[in-house]
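Inspection log for the structure reproduced underneath, given as structure tokens.
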């Protein structure tokens, strides 16, 4: 499962942060036999959601590269 932050009117991470918190998010995922695999932080940055996501089981962070970066210029950071 990948949960997105506010991007193109998709506020799933903010909703989970404000309404659920880490414990209830973890319970909800378990109830539906889901695992947090990734979280995309296009707007808001990782720090805003770190406690929520770590407490819910962690996952793989995904952050969009700036629009003007050419694929040949991308490298591990």
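The values are calculated or read from the model by the stated rules, or taken from the named source; none is laboratory data. For clarity, every value in this text was computed on a predicted model and none was experimentally measured. As a convention, Cβ positions derive from the backbone with ideal geometry for all residues, glycine included, and neighbour counts pool all protein chains shown.
Residues checked against (1) assigned to a helix (DSSP H, G or I); (2) in contact with a helix residue (DSSP H, G or I) (Cβ under 6 Å, 6 or more places away or on another chain); (3) free of Cβ contacts under 8 Å to residues at least 40 places away in the same chain:
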residue	(1), (2), (3)
14	yes, no, yes
18	yes, no, yes
22	yes, yes, yes
29	yes, no, yes
35	no, no, yes
46	yes, no, yes
50	yes, no, yes
54	yes, no, yes
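What number of residues within the stretch 18-57 are modelled with pLDDT under 85, crowded, with 16+ Cβ neighbours inside 10 Å and over 12 Å from the mean Cα position of the chain (by Cα)?
0
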